[in-house]
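Report on the structure given below.
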Amino acid sequence: MRHEPIDLLVLKRVLEAAPVDDLVAFIQSTPKGAVTRRIWFFYEILTGKTLDIEDAPAATAVRSLTATGYVEWILGDLRPKSALHMVTEIDANSGALFARNPSNSEFGHRVAFFDVDDNARTLTGDRTEFLGRNGTLRRPDAMTRVRLSGRLGAALGPCGAIQVPFELAEGEERTIIFRLGAGQNLIQARTKAQATRFGPHYARKDPSVLAPHNRRCAGEHT
(Lines give C-alpha, C1' and ligand atoms only; values in the text may rest on other atoms or scores of the structure.)
Protein backbone atom coordinates (compact mmCIF):
# COMPACT_ATOMS: atom_id res chain seq x y z
CA MET A 1 0.00 0.00 0.00
CA ARG A 2 2.84 2.35 0.68
CA HIS A 3 4.69 2.21 -2.63
CA GLU A 4 2.68 0.16 -5.11
CA PRO A 5 -0.26 1.41 -7.22
CA ILE A 6 -3.56 0.45 -5.58
CA ASP A 7 -6.27 -1.45 -7.44
CA LEU A 8 -9.28 -0.20 -5.48
CA LEU A 9 -11.58 -3.00 -6.66
CA VAL A 10 -9.16 -5.67 -5.45
CA LEU A 11 -8.66 -3.78 -2.20
CA LYS A 12 -12.42 -3.56 -1.70
CA ARG A 13 -12.80 -7.32 -2.15
CA VAL A 14 -9.99 -8.00 0.32
CA LEU A 15 -11.45 -5.68 2.95
CA GLU A 16 -14.94 -7.14 2.52
CA ALA A 17 -13.54 -10.63 3.05
CA ALA A 18 -11.53 -9.69 6.13
CA PRO A 19 -13.12 -10.48 9.52
CA VAL A 20 -14.43 -7.20 10.95
CA ASP A 21 -13.34 -8.08 14.49
CA ASP A 22 -9.77 -8.63 13.29
CA LEU A 23 -9.76 -5.29 11.48
CA VAL A 24 -11.08 -3.47 14.54
CA ALA A 25 -8.50 -5.12 16.83
CA PHE A 26 -5.68 -4.29 14.41
CA ILE A 27 -6.68 -0.64 14.06
CA GLN A 28 -7.19 -0.19 17.79
CA SER A 29 -3.71 -1.61 18.48
CA THR A 30 -2.11 1.46 16.86
CA PRO A 31 -4.90 3.97 16.12
CA LYS A 32 -2.45 6.72 15.16
CA GLY A 33 -0.34 4.52 12.89
CA ALA A 34 -0.03 5.45 9.22
CA VAL A 35 -0.91 1.97 7.96
CA THR A 36 -3.84 1.40 10.31
CA ARG A 37 -5.33 4.80 9.46
CA ARG A 38 -5.16 3.98 5.75
CA ILE A 39 -6.86 0.62 6.25
CA TRP A 40 -9.57 2.25 8.35
CA PHE A 41 -10.11 4.97 5.74
CA PHE A 42 -10.23 2.61 2.76
CA TYR A 43 -12.54 0.15 4.54
CA GLU A 44 -15.19 2.76 5.27
CA ILE A 45 -14.87 4.54 1.90
CA LEU A 46 -14.90 1.40 -0.25
CA THR A 47 -17.43 -0.73 1.64
CA GLY A 48 -19.76 2.04 2.81
CA LYS A 49 -19.72 0.55 6.31
CA THR A 50 -18.58 2.18 9.52
CA LEU A 51 -16.31 0.38 11.93
CA ASP A 52 -17.28 0.52 15.60
CA ILE A 53 -14.20 2.47 16.68
CA GLU A 54 -13.94 5.78 18.49
CA ASP A 55 -12.33 8.57 16.50
CA ALA A 56 -8.57 8.32 16.77
CA PRO A 57 -6.61 11.10 18.46
CA ALA A 58 -5.43 13.82 16.13
CA ALA A 59 -2.30 12.81 14.29
CA THR A 60 0.10 14.82 12.22
CA ALA A 61 1.26 13.82 8.76
CA VAL A 62 3.71 10.94 8.49
CA ARG A 63 6.57 11.27 6.03
CA SER A 64 7.95 8.24 4.18
CA LEU A 65 11.71 8.65 3.95
CA THR A 66 14.76 6.66 2.88
CA ALA A 67 18.25 6.85 4.35
CA THR A 68 20.95 5.92 1.86
CA GLY A 69 24.59 5.04 2.37
CA TYR A 70 26.96 4.70 -0.57
CA VAL A 71 30.66 3.86 -0.98
CA GLU A 72 32.80 3.09 -4.01
CA TRP A 73 35.32 0.30 -3.51
CA ILE A 74 38.88 0.62 -4.79
CA LEU A 75 40.95 -1.65 -2.52
CA GLY A 76 43.97 -1.07 -4.69
CA ASP A 77 45.91 1.73 -6.35
CA LEU A 78 43.60 2.54 -9.30
CA ARG A 79 39.85 1.99 -9.56
CA PRO A 80 39.80 0.92 -13.25
CA LYS A 81 42.48 -1.65 -12.48
CA SER A 82 40.89 -3.10 -9.34
CA ALA A 83 37.21 -2.89 -10.39
CA LEU A 84 37.45 -5.95 -12.64
CA HIS A 85 38.61 -8.14 -9.77
CA MET A 86 36.46 -6.86 -6.90
CA VAL A 87 34.09 -9.30 -5.21
CA THR A 88 31.16 -8.27 -2.98
CA GLU A 89 29.05 -10.55 -0.79
CA ILE A 90 26.98 -10.71 2.38
CA ASP A 91 28.84 -12.26 5.28
CA ALA A 92 26.60 -14.96 6.73
CA ASN A 93 27.91 -14.46 10.28
CA SER A 94 27.81 -10.68 10.67
CA GLY A 95 25.23 -9.76 8.02
CA ALA A 96 27.53 -7.01 6.74
CA LEU A 97 28.30 -6.28 3.10
CA PHE A 98 31.88 -7.45 2.46
CA ALA A 99 34.20 -6.39 -0.35
CA ARG A 100 37.62 -7.79 -1.28
CA ASN A 101 40.12 -7.63 -4.10
CA PRO A 102 41.84 -11.04 -4.28
CA SER A 103 43.97 -9.94 -7.25
CA ASN A 104 45.93 -7.44 -5.17
CA SER A 105 49.25 -9.16 -4.48
CA GLU A 106 50.01 -7.13 -1.36
CA PHE A 107 46.59 -6.67 0.25
CA GLY A 108 44.46 -9.38 -1.37
CA HIS A 109 43.63 -10.90 2.01
CA ARG A 110 42.12 -7.68 3.41
CA VAL A 111 38.34 -7.35 3.64
CA ALA A 112 36.30 -4.14 3.83
CA PHE A 113 32.76 -3.99 5.20
CA PHE A 114 29.73 -1.71 5.03
CA ASP A 115 26.67 -2.17 7.24
CA VAL A 116 23.64 -0.62 8.93
CA ASP A 117 21.55 -1.67 11.95
CA ASP A 118 18.19 -2.13 10.28
CA ASN A 119 16.66 -5.33 8.94
CA ALA A 120 14.49 -3.35 6.51
CA ARG A 121 17.57 -2.49 4.47
CA THR A 122 18.01 -3.29 0.80
CA LEU A 123 21.38 -3.17 -0.90
CA THR A 124 23.42 -3.65 -4.04
CA GLY A 125 27.05 -4.02 -5.04
CA ASP A 126 26.38 -2.83 -8.58
CA ARG A 127 27.37 0.78 -9.27
CA THR A 128 25.43 0.87 -12.55
CA GLU A 129 22.23 -0.17 -10.78
CA PHE A 130 22.64 2.54 -8.15
CA LEU A 131 23.56 5.39 -10.48
CA GLY A 132 21.59 4.29 -13.55
CA ARG A 133 22.86 4.40 -17.10
CA ASN A 134 22.74 8.18 -17.28
CA GLY A 135 22.71 8.92 -13.56
CA THR A 136 25.30 10.71 -11.47
CA LEU A 137 26.23 10.80 -7.81
CA ARG A 138 24.21 14.01 -7.53
CA ARG A 139 21.11 12.36 -9.04
CA PRO A 140 21.43 8.58 -8.69
CA ASP A 141 18.69 6.50 -10.27
CA ALA A 142 18.28 4.48 -7.06
CA MET A 143 16.62 7.49 -5.41
CA THR A 144 13.61 7.01 -7.68
CA ARG A 145 13.08 3.35 -6.77
CA VAL A 146 11.50 1.60 -3.81
CA ARG A 147 14.26 -0.92 -3.16
CA LEU A 148 17.64 -2.15 -4.32
CA SER A 149 18.00 -5.54 -5.98
CA GLY A 150 20.56 -7.20 -3.69
CA ARG A 151 22.86 -7.86 -6.63
CA LEU A 152 26.36 -8.79 -5.46
CA GLY A 153 29.33 -10.74 -6.75
CA ALA A 154 32.16 -10.24 -9.22
CA ALA A 155 32.46 -8.47 -12.59
CA LEU A 156 30.31 -5.52 -11.50
CA GLY A 157 31.13 -1.85 -11.29
CA PRO A 158 31.78 -2.36 -7.58
CA CYS A 159 30.12 -0.25 -4.92
CA GLY A 160 28.37 -0.62 -1.62
CA ALA A 161 24.88 0.90 -1.51
CA ILE A 162 22.40 0.42 1.33
CA GLN A 163 18.95 1.95 1.66
CA VAL A 164 16.72 1.96 4.75
CA PRO A 165 13.05 3.00 4.34
CA PHE A 166 11.26 4.42 7.37
CA GLU A 167 8.37 6.65 8.41
CA LEU A 168 8.67 9.75 10.53
CA ALA A 169 5.83 11.68 12.13
CA GLU A 170 6.11 15.36 12.94
CA GLY A 171 8.34 15.87 15.96
CA GLU A 172 9.80 12.36 15.78
CA GLU A 173 13.50 11.60 15.42
CA ARG A 174 15.29 8.56 14.07
CA THR A 175 19.00 7.76 14.12
CA ILE A 176 20.37 5.46 11.43
CA ILE A 177 24.08 4.68 11.56
CA PHE A 178 26.01 3.36 8.60
CA ARG A 179 29.35 1.75 9.43
CA LEU A 180 32.38 1.42 7.16
CA GLY A 181 35.48 -0.51 8.16
CA ALA A 182 38.09 -3.05 7.17
CA GLY A 183 40.06 -5.94 8.58
CA GLN A 184 43.42 -7.49 7.87
CA ASN A 185 41.57 -10.66 6.89
CA LEU A 186 38.08 -12.19 6.82
CA ILE A 187 38.04 -13.11 10.52
CA GLN A 188 39.11 -9.65 11.68
CA ALA A 189 36.61 -7.91 9.40
CA ARG A 190 33.85 -10.17 10.68
CA THR A 191 34.80 -9.51 14.31
CA LYS A 192 34.76 -5.75 13.80
CA ALA A 193 31.45 -5.84 11.93
CA GLN A 194 29.81 -7.96 14.62
CA ALA A 195 31.22 -5.87 17.47
CA THR A 196 29.84 -2.63 16.03
CA ARG A 197 26.57 -4.01 14.64
CA PHE A 198 24.53 -3.11 17.71
CA GLY A 199 26.08 0.29 18.23
CA PRO A 200 27.81 1.82 21.25
CA HIS A 201 25.39 0.23 23.73
CA TYR A 202 26.64 -3.22 22.73
CA ALA A 203 30.27 -2.16 23.05
CA ARG A 204 29.63 -0.71 26.51
CA LYS A 205 27.80 -3.86 27.57
CA ASP A 206 30.70 -6.09 26.50
CA PRO A 207 33.83 -3.95 26.07
CA SER A 208 36.01 -7.06 25.81
CA VAL A 209 34.76 -7.51 22.24
CA LEU A 210 36.56 -4.37 21.06
CA ALA A 211 39.44 -4.51 23.54
CA PRO A 212 41.97 -6.22 21.24
CA HIS A 213 41.17 -3.78 18.44
CA ASN A 214 41.41 -0.78 20.79
CA ARG A 215 44.79 -1.93 22.10
CA ARG A 216 46.10 -2.26 18.55
CA CYS A 217 44.88 1.23 17.67
CA ALA A 218 46.46 2.68 20.80
CA GLY A 219 49.76 0.98 19.97
CA GLU A 220 49.74 2.35 16.44
CA HIS A 221 49.41 5.94 17.73
CA THR A 222 51.95 5.84 20.58
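The values are calculated or read from the model by the stated rules, or taken from the named source; none is laboratory data. For clarity, every value in this text was computed on a predicted model and none was experimentally measured. We place every Cβ from the backbone using ideal geometry, glycine too, and count neighbours over all the protein chains shown.
Of note:
- Hits in region 113-130 - residues which are touching a strand residue (DSSP E or B) at 6+ places or on another chain (Cβ under 6 Å), hydroxyl-bearing (S, T, Y) and surrounded by fewer than 21 Cβ atoms within 10 Å (Cβ to Cβ): T122
- All of R2, R13, R38 fail the test of being at pLDDT below 75 and of a type in the set (K, R), apart from R2.
- When V146 is tested against the conditions (1) at pLDDT below 90; (2) closer than 18 Å to E72 by Cβ; (3) β-branched (V, I, T), the lone failure is (2).
- From T175, T196, residue being loosely packed, with under 13 Cβ neighbours inside 10 Å, of a type in the set (V, I, T), in the same structural domain as R79 (by TED's automatic domain parsing) and more than 19 Å from E72 (Cα to Cα): T175
- Those residues of region 41-64 which are under 16 Å from L168 (Cβ atoms) and either modelled with pLDDT under 75 or among the aliphatic types (A, V, I, L, M) (or both), in sequence order: A59, T60, A61, V62
- Test: residue in region 69-76 that is touching a Pro at 6+ places or on another chain (Cβ under 6 Å), of a type outside the set (D, E, K, R) and in contact (Cβ under 8 Å) with a residue 24 or more places away in the chain: yes
- Residues of region 62-112 that turn out to be crowded, with 22+ Cβ neighbours inside 10 Å and in contact with an Asp or Glu (Cβ under 7 Å, 6 or more places away or on another chain), as a count: 3
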